[in-house]
Amino acid sequence: MMQLLNKALVQQHLTMTMTIDAIEQLLQRQSQHPDWVNCPERLVIPTFAGVDNKSSGSHLSMPAVLYDGDKEYTAVKLVTICPDNPSRGLPTTTAVVTVSDNDTGEILAFMDGVYITQVRTAGLSGIATKYLAHPDSQVVAVLGCGGMAYEQLNAVLTVCPNIKQINLWNRTAKGAETFKQQFIQNYLNPHYSERKIDIQVFDSSETGKNKAIANADIINLATRSEQGLFRCDAILPHVHINAVGAYLPTMKEVSNEVIEACSQIFVDDLDGCPHEAGDLIQAHDDKDCSWHWDNLTGDLSALVLGNQHKPNNQDNDTNKGITLFKSVGAGRFDAVVAIKVAQLAQQQNIGQNIEF
C-alpha cells in the first residue's frame, strides 16, 4: 500500500530535529559502510531547448539507494524547473519524491518534494551551525528572505537555544516584512514563544544590509546574488556563515575576501561543489585570490565524525575565527529525509492509501 503525502502532511509530520538526526545518522553510516549508500550524479535534461516561444528550463532526476543495516530503500526526487511559471501564478520549481522498498519493489510513498528539499537543505546548515557556530550565539542575520530562508532560520533556532535576535535583510523591504510576519505566525508563535525572540527588518540599502550583519553571530545566505554580499570589516571575527544560494558557477554570495579570511570551510558534497558552488569556484579561479580547493577543510561528514562527542561546541575553541558552510545539495540527503517520512507514514497510516 502506497501512502500519498501532500505538502501540508509532510510539513505537519517532518520536524527539523527529525531531519538533523536522520542526516547525521546517514553521515555516520556512510563513513562506516560506504557501500550502504549509492547516490549517482543527478541527471539534468534541458526542456524546450531550441523552442523560440518557450523559456528553456530543466528536468532533474536525483536517485539514491540507502541501506540502514536492516532494510534497503530507493528514493528518487524528480524536479522540473519552469521559468515561465511566475507569469502564470505558479511556482518556478515543482518536485516530488518516491520511496520504494528494495526487497519487494513496492512503492511505499509518493510525496511533495519541494518541502523535502527545503528542510534537508536547512538540516545540513543546522548540522554545520551546531558544530561551527559560537556556543553562545545570540544574533542571527538572514540575507535573502525567500522560500528557502524559513527552514534555514528554523534550523538555526533548533540548534542554538540562546538566539535572542533575528535581523532580516532582503533586496525588497516588503519581502522581508512578509517573511517576518509569516515566520512569527508559522514558527515563532507555535514553537519558540517562550524564548522571546525579537525580529528586526532592515532597509534594503547597502547600509541596511551592513547594519543587519554587524552584530550577527550567524549569517544565513539564500540569494541569487552574482557578487559577494559583504566584506570582512562588516562582520564579527567569530561569525559562522551558512551559504545555500549561489548554486551556479556564475553566482556568488560570499566574497573572495571573506573566503580567504575563513579559518574553516566545509561543504555538503565534495563531488558537487566543484561544479556548482559559485562562491568557491570563483575564488579558486581568481588569480588574485589565495583560496584554492586544496584549502577546503572538508565535508559535512568529516565535521560530524570529528565532533560527534562535542555537541554544540561544548569542547571546541570558541575563538576559531570565521567559519563557512557551503551547500549545493545531493540526492542522498533528500533520500534519507524522505525515507524517514515514508516510514512514519507507513507506521501511523498518514496520508491517502493507494493500492495499484
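The values are calculated or read from the model by the stated rules, or taken from the named source; none is laboratory data. Since the structure is predicted, the reported quantities are computational estimates derived from the model, not experimental observations. Note that we place each Cβ from the backbone using ideal geometry, even for glycine, and neighbour counts take in every protein chain shown. Ligands, DNA and RNA are stripped out before the accessible areas are found, and what is left, the full protein with its side chains, is counted by its heavy atoms. Shrake-Rupley method; radii C 1.70, N 1.55, O 1.52, S 1.80 Å.
Net charge of the neighbourhood of residue 71, taken over other residues with C-beta under 14 Å away and scored Lys/Arg +1, Asp/Glu -1, is -4. Magnitude of the charge dipole for the stretch 112-196, about its Cα centre and with charges confined to Cβ atoms of Lys, Arg (+1) and Asp, Glu (-1), is about 160 debye.
Roughly how tilted is helix 147-159, in degrees to the nearest 10 and between 0 and 90, from the longest Cα axis of the chain? That helix lies at roughly 80 degrees to the long axis.
Near residue 203, once Lys and Arg are set to +1 and Asp and Glu to -1 for all other residues with Cβ below 15 Å from its Cβ, the sum equals +3.
Taking all protein chains together and rolling a 1.4 Å probe, residue 293 ends up with roughly 60 Å² accessible.
Computed from label points 7 Å out along Cα-Cβ, the spacing between residue 215 and residue 32 is 4.5 nm.
In this structure, the amide hydrogen of residue 253, modeled 1.01 Å from its nitrogen in the peptide plane, lies closer than 5 angstrom to those of 279, counting only residues at least 5 positions away or on a different chain.
Exposed loop sites here mean GluC sites (Glu not before Pro) with a DSSP loop assignment and at most 14 other beta-carbon atoms within 10 Å; the chain contains its longest site-free run at 107-354.
For the stretch 83-90, 3J(HN,Hα) computed residue by residue from phi via the Karplus equation (6.51, -1.76, 1.60; θ = phi - 60°) reads x, 7, 5, x, 5, 9, x, 10 Hz, glycine and proline entered as x. Taking a straight line from the alpha carbon of residue 54, these aspartates and glutamates sit under 18 Å away, with near neighbours fewer than eight places off in the same chain left out: 84. Using only side-chain charges placed at the Cβ, +1 for Lys and Arg and -1 for Asp and Glu, the dipole size of the chain relative to its Cα centre rounds to 980 debye.
Could you state the angle between the C-alpha long axis of helix 173-183 and the longest principal axis of the C-alpha atoms of the chain, as a value from 0 to 90 degrees rounded to the nearest 10? The answer is roughly 50 degrees. Among 19, 98, 297, the largest mean-square fluctuation in a Gaussian network model of the chain (Cα springs under 10 Å) belongs to 297. Of all DSSP beta bridges confined to the chain, the antiparallel ones make up roughly 50%.
Between helix 331-348 and the chain there is an angle of about 60 degrees, using the helix long axis and the longest principal axis of the Cα atoms. Taking a straight line from the alpha carbon of residue 209, these lysines sit under 29 Å away, with near neighbours fewer than eight places off in the same chain left out: 130, 164, 174, 180, 196, 252, 287, 320, 326.
Remark: the stretch 108-124, residue by residue, has Karplus-estimated 3J(HN,Hα) of 8, 7, 10, 9, 4, x, 5, 5, 4, 4, 4, 6, 5, 5, 5, x, 4 Hz, where x stands for each Gly or Pro and the curve is 6.51 cos²θ - 1.76 cosθ + 1.60 at θ = phi - 60°. Listed options for semi-axes √(5λ) of the Cα gyration tensor in Å are (i) 32, 26, 19; (ii) 36, 22, 20; (iii) 31, 23, 22. The value calculated from this structure is the one marked (iii).
Going by the alpha-carbon gyration tensor, a ≥ b ≥ c the square roots of its eigenvalues, is the stretch 237-294 rounded (a/c under 1.5) or, if a/c is not under 1.5, prolate (a/b greater than b/c) versus oblate? It is rounded, given that a/c, with a ≥ b ≥ c, falls under 1.5. The residues packed around residue 149, meaning those with a beta-carbon under 14 Å from its beta-carbon, carry a net charge of 0 if Lys and Arg are +1 and Asp and Glu are -1.
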